[in-house]
Amino acid sequence: MDIAALTIQHFTPHLGERFAVEVGLAAPLHIVLRAAAALPAQKGPGPRDGFQLLFEGEGPYRLAQLTHRLHHEALGELEMFLVPIAGDGGRFTYQAIFT
């Protein structure tokens, strides 16, 4: 799916669902979509309204801040820039912003 064509409405039905992240291991790491929120209105170059996604993951290590390949059952393959914004006790929160 073309990430540039996605809107917040594509993600809100999938809150609480798992996304598989390819990390170069035998098995993918799974993260859960916890929130989808609109960004404050702003003029930008794109045709869509800005929004952010928050994911939560568990594991022995944190994903690096970079573009990751994600897979979701309904949305298919997505490449998304994830930023780790919080982490404690093996639980990490990642943010993706779309403008």
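A few notes on this one:
- For the chain: relative contact order, % (alpha-carbon pairs under 8 angstrom, 6 or more apart): 27 percent
- Once both labels are positioned 7 Å from their Cα atoms along Cα-to-Cβ, the gap between R34 and T99 label points is 2.4 nm.
- For segment 4-21 versus segment 27-99, the inter-centroid distance based on Cα atoms is 9 Å.
- As a proxy for reagent exposure, R18, R91 were ordered by neighbouring Cβ count within 10 angstrom, fewest first; the result is R91, R18.
- Look at the dipole of the chain built from charges on Cβ: of H72, F19, Q52, the Cα furthest out on the positive end belongs to Q52.
Taken together, the values in this text are just the output of simple stated rules run on the coordinates, not laboratory data. These numbers come from a predicted model, not from an experiment. Here the Cβ is made from the backbone with ideal geometry for all residues, glycine too, and neighbour counts use every protein chain on show.
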